[in-house]
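Report on the following structure.
Coordinate-derived values only; no laboratory data. Small disclaimer: the values here were computed from a predicted structure and weren't measured. Neighbour counts are summed over all protein chains in view; Cβ atoms, including those assigned to glycine, are modelled from backbone coordinates with ideal geometry.
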Amino acid sequence: MLPSVKARVNLDICRNDHRCLPRMHCPAAAISPAEGKIFMKIDEEKCIGCGKCIKVCKNNALFLVRQEVKFG
Ligand code: SF4
């Protein structure tokens, strides 16, 4: 197993700002508005764990988590 890092959204803080900087800066286009909800969602398949979203979020609503990746 190899460690992998993915971004997550703190749903208590994210307010789905239409000018969401993390969404604009994500190089993997992994962040999109959650349909019918007030928060953004992150597509973990697309997320490359670069951390750019965390640096630019004005509300500090994003964080990284470590995951174990299984092969085979
Ligand atoms: S960690 Fe990087 S790839 Fe993943 S959602 Fe944030 S900006 Fe996008």
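Restricting to DSSP loop positions (anything but H, G, I, E, B) with no more than 11 other Cβ atoms inside 10 Å of their own Cβ, which chymotrypsin sites (Phe, Trp or Tyr not before Pro) remain in segment 30-72?
Those satisfying the criteria are PHE71.
Backbone phi angles across segment 5-17, fed through the Karplus curve with coefficients 6.51, -1.76 and 1.60 (θ = phi - 60°), yield HN-Hα couplings of 10, 9, 7, 10, 10, 7, 5, 7, 10, 4, 10, 6, 4 Hz in residue order; Gly and Pro are listed as x. For segment 48-55, backbone phi angles converted through the Karplus equation (6.51, -1.76, 1.60; θ = phi - 60°) give residue-by-residue couplings of 9, x, 6, x, 4, 4, 5, 5 Hz, Gly and Pro being listed as x.
Under 5 Å between amide hydrogens, built in the peptide plane, is the criterion, and for ASN59 it picks out nothing among residues at least 5 positions away or on other chains. Counting only residues at least eight positions apart within a chain, or on another chain, the lysines with an alpha carbon under 25 Å from that of LYS37 are LYS6, LYS46, LYS52, LYS55, LYS58. In a DSSP loop and with at most 12 other Cβ atoms within 10 Å, the GluC sites (Glu not before Pro) in the chain are GLU35, GLU45. Amide H contacts of ASN16: MET40, each under 5 Å away and 5 or more positions distant or on a separate chain (H built 1.01 Å from N in the peptide plane; Pro and chain starts excluded). Rounded to the nearest whole Hz, the Karplus-based 3J(HN,Hα) values (6.51 cos²θ - 1.76 cosθ + 1.60, θ = phi - 60°) of segment 63-68 follow the sequence 8, 9, 10, 8, 10, 9, with x at glycine and proline.
Go ahead and run the numbers for FRET between GLU68 and HIS25, Cβ-Cβ distance against an R0 of 35 Å, rounding to 0.05. Calculated transfer efficiency: 0.80. Within the listed set LYS55, LYS37, LYS46, the residue fluctuating most in the Gaussian network model of the chain (springs between alpha-carbon atoms under 10 angstrom) is LYS37. Search the structure for amide H atoms under 5 Å from the amide H of GLN67, placed 1.01 Å from N in the peptide plane, and list their residues when 5 or more places away or on another chain. Amide H to amide H, under 5 Å and 5 or more residues apart or across chains, GLN67 pairs with SER4, VAL5, LYS6.
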